[in-house]
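Have a look at the structure below, then the notes.
Every number in this text was worked out from the coordinates using simple rules, so none of it is lab data. A quick note: this is a predicted structure, and the numbers were derived from the prediction, not measured. Neighbour counts are summed over all protein chains in view; Cβ atoms, including those assigned to glycine, are modelled from backbone coordinates with ideal geometry.
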């Protein structure tokens, strides 16, 4: 397959190859039963296919989808036709089920490869990709917890690209605080439920793509436990489906309104009403819902899905940062402006932007962020593969523990620093970057969503410090420290010895400060600066990812590998040092925010 | 005058009063001849007037001006009518000349008061304010360097609000690099010039407001010196004006196009053609231009204007950060969500956002940024007043030196950290903050321009390190160090002793690292990380401003003053520590960016 040249501004294929094959040795996975049908060639084919569809069907309408966002006309959503063409192309290519079982129509690709493949769509047009992204998350949850009948009825058509899915968690009064949802599901005599309530921020919540929309809805069954322990999960389709799979009656899920956002404009973001009485399926009130798994177990199910979605959000943030970086680099190589400090002769030709030290700094900052974040995303994909397929159960457990503790970082670090990369991509473009004639301002606006959805930055901090560092007696943290230490050991004494020393010092601080925080009985004090903890630990983790990439360059000496080694050094010199002031503050158990009297704001 | 209550979300009047009167003792200026007609009452009246016009005429169409940006229709610019109403209200109120001489129709207000007064417009609607902002900058340059006749012809109508002004510096091929402009001005027999060339990024460059547009245009007179030394300044009006002040023939300045930006959408940003032959004033080719001052002296004139404009940009960034903070605070006080870590009973009521430690951190971070930046802007205004009116010439010189070295910081620090404050304002609002239903996403988009225009962040770094720290044998730096040291001395031994110690340590590092850098003969190496130098010095300067504000609270103990002291502590604990890693890197004369082979990107 000939990938169109425009794909070179989405992601660097050379970097993907380096990370997937040279560093993470994804090819070795084909020895495992699940991936036995695969080879490097099939992996490459999928990467080529996704790069091609992304470049040809997604990227060309990214701007248009932003300037002509979905409209609510006569009770329906109107999208530009390019969205359907793109989403259908993904469905027809069989990509929705890239990582799913062959038994449901999937390709059984490793998650690491899927993450890399999907990143092309995220870079090209993250809004349009949202329709598929939500379907994949929805399908994976049903595959994990749904009945075989639910899988047949709802998942197969999603894998075929005929149905689309959503995740309906938030409500107008309950965003971060899921325990406060009030949507209720009342049992019917036939074993189904009737769902009543309002859901907010539902991406891809309504549209006319495909044949049906499969909503996964969090709701409480009356009489159940209070708070999060009383939450159950339901399939609530837009249209009921007959036993033969034929589309039937309209269910009582209706579009109450669209949210108009700063970015991510091309994917509908909706307020949905369930059981408002607009429709009365079967002649009764309420939206028909089907319980997924056991009642009151949703917290467990949802965490499974959320971990996956959070790593996916991080990958999306990374992809936006990555394409912004490539565009800034492209601009910096061709645009000339000014002269170097030692060559101010106005008669001399202007130099390319890339020759200015400050522009190089901004490009290296972006490179360090996006290639580092990509590494973390692919590493997490690799861990998912280990968790699912490692032959040694201890290895599976180890992968699961690492995933738990890395997930909040894999979500939040790229959401913060690849957004910062987009900020720098604008800066490299100068005034042009601030205009809608260029792409980078949209990437910046799109990327700003990522620190908010799927658990805000603050929620990730509480998850990491409050839950992940202590779960199972601190097993996940221990595993992370052991893993990073092993990298330090491999690097010690070699050309990256200085980086190994710096990483070990940062890791020691991480361990020390975590122990100090976790010894605090007052939970409010312990977690007061959890966001800063998240950021500091994130920088240590990224330094480790960079040292890993550095070590993976040992096989050859070429421009890519020299660039990797220098970018690693850049990260250690320019970025990692910002962790220590955070650790120092955390260690003091600072009470400034707790003791502050809000009357003084 | 009763200021409308909606003005409370623009700026805090209590903070303005504290900073202007309790800290900066602006009232004492009325003893000086220039301000002898004024009193605290007249200052307050102007603040009330500007707050009222900003709240009633500017804020209400801020969103509309963003969503319905200027259009280019039949060769003309079409604006929403609310813009004209707002701009005319400012003109009619006599505010354009707030700081100018009474002899030209101005109010002769101190700059510190003007900065505070204008900040209301910047907070309310920075785009619409752009039309007046540019007129003020233009008029001030002509007042400083134009002939009496030019002042009468062009400045008086601007002060009356009948004409508007622009600054035409950049060209499509010369943004940051002014030495590369190619617009030329050919002398005519009658002593005027004919101007030919294209100007880019000209804010307020065309519109149908008022009667005329006065362009101040940088151009080169053929045969003059190369580079920046050959630049001269010209008045090029949209319409020629007769000796009686009557609007005459159309000059050959034409609108070639509008730039469509991410933010700041409501002010036209134009590409202008001069002397393209669309019009032939007087039957000849070229746009008629009038030389301002001496030929080839523009660099000097422009720096005068640029310093003022740069402080103004910083004040605008501050105002956007400030209004975003007040809106986030308002939201955080009313919106409930979740419970505290020690109170997870789902039956308990949800708490207000402001009760969460992480939300308080985000609010304190905003407060520290915006009240600190406001302090720096007002301090610079106060220095302008000292420079203009201090009776002791040594005091005037001291103020001028401080202004020189503080200007790049007053421009860049708010552009970076009040933008970061807007980012946090979005985060406090959660998903709602990302929608266009709320104001903060627009402030964030608008504020993103500020690190780019009037000299990018990188340019400010080179200005500070490359020029300002060494000018006049380092006099400005010496003056800054002396001034900060005096504050440290005043604080030592008191309740802020710990802050004094920390500030002294940071100041010592600043001095030490500056000496190291300025001893480097290789200019490219010396300036390689000038942007990081700018950021580190900026943090030290802001710490000083916060210690100043802390000391100014000594007179009373109330919620505002307790809040000030805690915000000062917050800045020292959470923000100032980020300077040291920057200094450490700078001290090492790091060559990573210089030695990096661009093939490795």
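Brief remarks on what is shown
- C-alpha long axis of helix A:357-389 to longest principal axis of chain A, angle in °: 50 degrees
- Distance from the alpha carbon centroid of region B:410-479 to that of region B:225-249 works out to 33 angstrom.
- Principal axis extents of the Cα atoms in the protein assembly as shown, from largest to smallest and rounded to whole angstrom, are 91, 63, 61.
- Sorted on the mean count of surrounding Cβ atoms within 10 Å across their residues, most packed first, peptides A:356-363, A:155-162 read A:356-363, A:155-162.
- Over the protein assembly as shown, DSSP H runs of length four or greater, each weighted -39,500 (n - 2.57), average out per residue to a 222 nm ellipticity of -16000 deg cm²/dmol.
- Our summary gives region B:164-295 a relative contact order of 28 percent, counting only alpha carbon pairs under 8 angstrom and 6 or more residues apart.
- For a label point 7 Å along the Cα-to-beta-carbon line of residue B:519, residues of region B:469-485 with backbone N under 20 Å: B:469-471, B:473-475, B:477-478, B:481
- Rounded to 5, the percent of DSSP beta bridges in the protein assembly as shown classed as antiparallel: 85 percent
- Residue-averaged beta-carbon neighbours from other chains (10 angstrom radius) around B:226-237: 1
- Cα centroid of region B:150-201 to Cα centroid of region A:550-578, whole Å: 48 Å
- Tilt relative to chain A, helix A:530-551 - C-alpha long axis, 0 to 90 degrees, to 10: 60 degrees
- Eigenvalues of the alpha-carbon gyration tensor of region B:385-469, scaled by 5 and square-rooted, set the equivalent ellipsoid semi-axes at 35, 15, 9 angstrom, largest first.
- Label zone at residue A:562 (point 7 Å along Cα-to-Cβ), backbone N below 14 Å, region B:584-601: B:594-601
- Nearest-first distances (nm) between copies at residue B:595, label 7 Å from Cα via Cβ: 4.7
- Distance in nm between pseudo-label sites at residue A:392 and residue B:280 (7 Å out along the Cβ direction from Cα): 8.8 nm
- For chain B, the relative contact order works out to 12 percent when only alpha carbon pairs closer than 8 Å and six or more residues apart are counted.
- For chain B, share of DSSP beta bridges that run antiparallel, in % to the nearest 5: 80 percent
- Across region B:5-158, C-alpha contacts under 8 Å between residues 6 or more apart give a mean separation that, scaled by the residue count, equals a relative contact order of 26 percent.
- Residue by residue along B:349-358, Cβ atoms of other protein chains within 10 Å of the local Cβ number 5 on average.
- Here the calculated FRET efficiency for residue A:152 and residue B:483, from their Cβ-Cβ distance with R0 = 51 Å, stands at 0.10, rounded to the nearest 0.05.
- Eigenvalues of the alpha-carbon gyration tensor of region B:164-295, scaled by 5 and square-rooted, set the equivalent ellipsoid semi-axes at 22, 20, 12 angstrom, largest first.
- Mean partner shielding of peptide B:170-177, defined as the number of other chain Cβ atoms within 10 Å of each residue Cβ, is 4.
- Inter-copy spacing of residue A:21 label points, which lie 7 Å from Cα along Cα→Cβ, given in nm from shortest upward: 7.4
- Principal axis box of chain B, alpha-carbon based, largest edge first, Å: 81, 61, 57
- When each of the peptides B:208-220, B:414-426, B:562-574, B:185-197 is scored by the mean number of other C-beta atoms lying within 10 Å of its residues, the order from highest to lowest reads B:414-426, B:208-220, B:562-574, B:185-197.
- Virtual spin-label span in nm between residue A:437 and residue B:76, 7 Å along Cα→Cβ: 2.5 nm
- Degrees between helix B:81-92 axis and first principal axis of chain B (Cα, 0 to 90, nearest 10): 90 degrees
- Cα gyration tensor shape for region B:397-519, rounded if a/c is under 1.5, else prolate or oblate: oblate
- Label spacing, shortest first and in nm, from residue A:75 to its equivalents in the remaining copies (7 angstrom along Cα→Cβ): 5.1
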